[in-house]
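Just below is one structure, and these are the notes that go with it.
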Amino acid sequence: MSRSSRATTVRKSPAERSAEIVDAAVALARREGLSAVKLRSVAAAAAVAPGLVAHYVPSMDALVATAFERITRAELEEVREIVLAASTPAGSLAELLATVFDGEREDVSLVWVEAWTLGRANEALAASVREVMDAWHATLSDIVAAGAESGDFRVTAPNEAAWHLLGLIDGLSAQTLVHWRPASRPAVLGELVERVLGARPGALATLTPD
């Protein structure tokens, strides 16, 4: 075999290799959940030896936390962009709820549910969960505060109202994983949100955006 016909091996930089491993972990978590992000499964997904994964990541706990944050931060940024396009606070909230419950986010819901469980034994993951939940709370709180100022909502403590909303969203998102009462979920959620925020009856019942 001539030298010109031999396959050329390209040595990747540490940054490139690390990025590939993280990307593989993220893709694996989206397909199968955070519990699938194990040393050998990530190595197989990245097409590298397990020892190389161990070399390029601080720990598997840290890799799980990174995968969680990448997935959930991307969802939040997508939701924020949609919310910013609405013309009123009520419209922003309707857009947010309609987007979160559009039936296309079971992979992210699974990541959240597993994160709450796995975070008990993985402090790096637990810290990431708290940070992303704080970011969601801040987004909701900003919408509620704007609605209180505009008169769309009748609330005196936007931060507390946002905390209640986040609990509703998280609980109902978890229920979607087993497809429990999917037909009634939008109407029930809209009515609950109206009560929490003192919104006009029917303003959010159908989760219809602007």
Using the charge dipole of the range 64-152 (Lys, Arg: +1 at Cβ; Asp, Glu: -1 at Cβ; taken about the Cα centre), state which of LEU93, TRP112, LEU76 has its Cα farthest towards the positive end. TRP112
Go through the range 139-149 residue by residue and turn each phi into a ³J(HN,Hα) via Karplus (6.51, -1.76, 1.60, θ = phi - 60°); whole Hz please, and just put x for glycine and proline. 4, 5, 4, 4, 5, 5, 4, 5, x, 5, 6
Put +1 on the Cβ of each Lys and Arg and -1 on the Cβ of each Asp and Glu in the chain; which of GLY198, LEU177, MET133 then has its Cα farthest toward the positive end of the dipole? LEU177
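In square angstrom, what is the accessible area per residue of the chain with a 1.4 angstrom probe?
Result: 54 Å² of accessible area for each residue.
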Using modelled amide H (1.01 Å from N, peptide plane; none on Pro or chain starts), what sits under 5 Å from the amide H of VAL48, excluding residues fewer than 5 places away? none
Would you grab the residues whose amide H sits under 5 Å from the one on LYS38? Only those 5+ places off in sequence or on another chain, please, with H modelled 1.01 Å from N. none
Theoretical ellipticity at 222 nm over the chain - DSSP helices of four or more residues, -39500 (n - 2.57) apiece, nearest 500: -22500 deg cm²/dmol
Please work out the ratio of the alpha-carbon Rg of the range 12-57 to 2.2 N^0.38 Å and round it to two decimals. 1.02
Take THR88, THR176, THR117, THR72 and sort them by solvent-accessible surface of the protein heavy atoms, 1.4 Å probe, largest at the top. THR117, THR88, THR176, THR72
Estimated vicinal HN-Hα couplings, Hz - the range 73-84 in sequence order (Karplus 6.51, -1.76, 1.60; Gly, Pro = x): 5, 4, 5, 4, 5, 4, 5, 4, 4, 5, 4, 5
Residue-ordered couplings for the range 169-179, obtained by feeding phi - 60° into the Karplus form 6.51 cos²θ - 1.76 cosθ + 1.60 and rounding to whole Hz (Gly and Pro as x), are 4, 4, x, 6, 5, 4, 5, 5, 5, 10, 6
Nonlocal amide H pairs with GLY198, under 5 Å, H built at 1.01 Å: ARG154
Before anything else, pin down the relative contact order of the chain: Cα pairs under 8 Å, at least 6 apart, normalised by residue count, whole percent. 19 percent
Degrees separating the helix 89-100 axis from the principal Cα axis of the chain, which is the longest one: 40 degrees
Dipole magnitude of the chain about its Cα centre (Cβ charges: Lys, Arg +1; Asp, Glu -1), debye to nearest 20: 1040 debye
Given Cβ charges of +1 for Lys and Arg and -1 for Asp and Glu, the option among ALA36, VAL22, ALA65 whose Cα lies farthest towards the positive end of the dipole of the range 13-73 is ALA36
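Could you please state how large a percent of the accessible area of the range 61-207 is carbon and sulfur, counting protein chains only and using a 1.4 Å probe?
55 percent
The values are calculated or read from the model by the stated rules, or taken from the named source; none is laboratory data. Keep in mind the model is a prediction, meaning the values are calculated, not measured. Ideal geometry is used to build each Cβ from the backbone, glycine not excepted, and the neighbour counts take in all protein chains shown. To get the accessible areas, we keep the full protein, side chains included, count just its heavy atoms, and leave off ligands, DNA and RNA. Shrake-Rupley method; radii C 1.70, N 1.55, O 1.52, S 1.80 Å.
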